[in-house]
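Working notes, beginning with the structure itself.
The values are calculated or read from the model by the stated rules, or taken from the named source; none is laboratory data. Just so it is clear, the structure is predicted and the values come from calculations on it, not from any experiment. Ideal geometry is used to build each Cβ from the backbone, glycine not excepted, and the neighbour counts take in all protein chains shown.
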Amino acid sequence: MEQKYWVPAIERATAVLNLIAESQAPLKLIDISKSIGINKSTLFSLLNTMCCLGWVYKNQDDTYSLGKFVGALGARYFNQFDILKFFNLEAKLSVERINETIQLSILDGRDIIYLGKQDADKHIVIATFPGMRLPAYTTAMGKVHLAQFTYEQLVNIYPEMHLAARTPFTVKDVESLWDQIQAFRRDGYVFESQEAGIGFSCVAVPIYNHEKKIIAAISATLLETVRSANHDAVCRELLDLSHRLSMHAGYIR
């Protein structure tokens, strides 16, 4: 954004909103002034305008909290939120950095559905496409999605307990699947080796929304023969991409 078109008053108002939103308790004018570095007279006028517009609310004890306009605006944003649009924008940047194919999925029952794909600049083609379905337990992204469930819920999803193999390396039972989910909760990502396709490994991470719920997953696909060399860089980039997309979805740590 070109700074010559910058409006300082909007920047200050945004700083005030962010401070109030991140505070554990309502703030007084003096608290906001000290934190942001805006003099009290300027801040008084700014807060008065923001109150009139519904951006903030002045409580009876002279503290400030977020106003109804912000809540209504947030609700409208999430109604219009298009995760695929942001994936295509952000994943393209990540693919340029690691040169590995990155994909996006959601969970539908016991399957994942591929929503988006950004291909790496390689001669090897990953045989997946938007709209394709795969059993969740066979894929790294699927295991990320399944991590939102308790063990009892997982058993309800797979009451047969034994899981049909897609390859000789596919996880074979619910107990082993649960162990993989526990590893995700420890590490923050899922790694699977040749469970969905021979010769390929995947690393997957979640995308969270404003309610801190998993709404989607992204993965990078690696050739099994080179995964050791690329694994750490891919994990770092995917975690960064996950954070960027989660921020778009309203997630705040």
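Name the one entry in ALA147, ALA120, ALA140, ALA127 that is in the same structural domain as PHE191 (by TED's automatic domain parsing), over 17 Å from GLY197 (Cα atoms) and touching a residue at least 60 places away in the same chain (Cβ under 8 Å).
Checking each option against the conditions leaves just ALA147.
Can you find even one residue in region 212-225 that is surrounded by 13 or more Cβ atoms within 10 Å (Cβ to Cβ), acidic (Asp, Glu), over 21 Å from PRO130 (Cβ atoms) and in contact with a Gly (Cβ under 8 Å, 6 or more places away or on another chain)?
Scanning region 212-225 turns up at least one residue that is surrounded by 13 or more Cβ atoms within 10 Å (Cβ to Cβ), acidic (Asp, Glu), over 21 Å from PRO130 (Cβ atoms) and in contact with a Gly (Cβ under 8 Å, 6 or more places away or on another chain).
Report yes if THR139 is within 21 Å of the chain's Cα centre (by Cα) and polar (S, T, N, Q), otherwise no.
So THR139 passes the test.
Pull up region 154-173, narrow it to residues that are aliphatic (A, V, I, L, M) and surrounded by 13 or more Cβ atoms within 10 Å (Cβ to Cβ), then point me to the one that is nearest to the chain's Cα centre (by Cα).
Looking at residues that are aliphatic (A, V, I, L, M) and surrounded by 13 or more Cβ atoms within 10 Å (Cβ to Cβ), I get LEU154.
Which of (1) closer than 22 Å to TYR251 by Cα; (2) buried (at least 18 other Cβ atoms within 10 Å of the Cβ); (3) of a type in the set (Ser, Thr, Tyr); (4) at pLDDT below 95 is the odd one out, the single condition THR101 does not satisfy?
Just one mismatch for THR101, condition (1).
Give the residue, chosen from SER176, SER246, SER228, SER242, that is loosely packed, with under 15 Cβ neighbours inside 10 Å, in a helix (DSSP H, G or I) and modelled with pLDDT of 90 or more.
SER176
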